[in-house]
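Since the structure comes first, as structure tokens, the remarks are kept for the end.
The values are calculated or read from the model by the stated rules, or taken from the named source; none is laboratory data. The structure presented is a predicted model; accordingly, all values stated were derived computationally and were not measured. Cβ placement follows ideal geometry from the backbone for every residue including glycine, while neighbour counts extend to all protein chains displayed. Quick note on the areas: whole protein, heavy atoms, side chains included, nothing else; ligands and nucleic acids left out. Shrake-Rupley method; radii C 1.70, N 1.55, O 1.52, S 1.80 Å.
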Amino acid sequence: MKMKMIFVTSNSGKVEEAKKYFFPLGVQVVQKKIEYPEIQANTLEEVAEFGINWLKDRIESPFFLDDSGLFIDALKGFPGVYSAYVYKTLGNDGILKLLKGVENRKAHFKSVVAYYDGELHIFTGKTRGKILHEKRGTGGFGFDPIFQPKGFNKTFAEMTTEEKNRISHRGKAFKVFSEWLKENLI
Ligand code: IMP
């Protein structure tokens, strides 16, 4: 498979992950930085679909975007769809403060990758884990330093991009996406 794909995002961490994931598959990922409206909705899927519908008349297809979020059990799924805003305002320290004294640290990340080629295709991935009591690691981006995936002793921020891709929500969504591409584009 030799192809080029546009990834609409202003998040360079996501681009790094996509490039590392798709390069060995012969897919060149090209970042396009266009701010698109992120509506307030109950699900990441709705946010992603609105973004696609807004972008599809403005840029050439095919292209894809990713909408993701961190869902913390003890906070009833917060920040979830509000993750970007909460990261900008409270940050990792704010989340650690909110969870001070809270025993149940369970959380998961979810990623919704939406691809548009004249039609909308949605691919999702989820990774369970827990929120630590302190930040660890310098890699990755966003909430990576406070999230430790289940079955590992390292946070996402202590992993290489390849390691994170193998188990992350986005890596899982990319896997389904790449399998779909292989089946549909040959
Ligand atoms: P959005 O998908 O761009 O709306 O991002 C949601 C928020 O979750 C942002 O603040 C990101 O930094 C954060 N986020 C999304 N994916 C990840 C991840 O893989 N690790 C850590 N934080 C993430």
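Things to note:
- Estimated from helices alone, the mean residue ellipticity of the chain at 222 nm is -9500 deg cm²/dmol (sum of -39500 (n - 2.57) over DSSP H runs with n ≥ 4, per residue).
- Placing +1 on each Lys and Arg Cβ and -1 on each Asp and Glu Cβ, with no other charges, gives the range 3-184 a dipole about its Cα centre of roughly 720 debye.
- Between Asn184 and Asp73, residue separation times 0.36 nm minus the direct Cα-Cα distance comes to 36.3 nm.
- Accessible area per residue for the chain is 54 Å², calculated with a 1.4 Å probe on protein heavy atoms, without ligands, DNA or RNA.
- Within the accessible area of the range 52-183, the carbon and sulfur atoms contribute 49%, probe 1.4 Å, all protein chains present.
- Here the simple spin-label model places points 7 Å from the Cα toward Cβ, and for Glu103 and Ile34 these points are separated by 5.1 nm.
- Gained length - Asn42 relative to Ile122, 0.36 nm times residue gap less alpha-carbon distance: 27.2 nm
- Sparse packing (at most 14 other Cβ atoms within 10 Å of the Cβ) combined with a DSSP loop state is found for the following GluC sites (Glu not before Pro) in the range 111-186: Glu119, Glu134.
- Placing a pseudo-label 7 Å from each Cα along the Cα-to-Cβ vector at Asn53 and Glu134 gives an inter-label distance of 4.7 nm.
- What separates the Cα centres of the range 95-150 and the range 153-177 is a distance of 10 Å.
- Loop-resident trypsin sites (Lys or Arg not before Pro) (DSSP state other than H, G, I, E or B) in the range 7-49 with no more than 15 further Cβ atoms inside 10 Å of their Cβ: Lys33.
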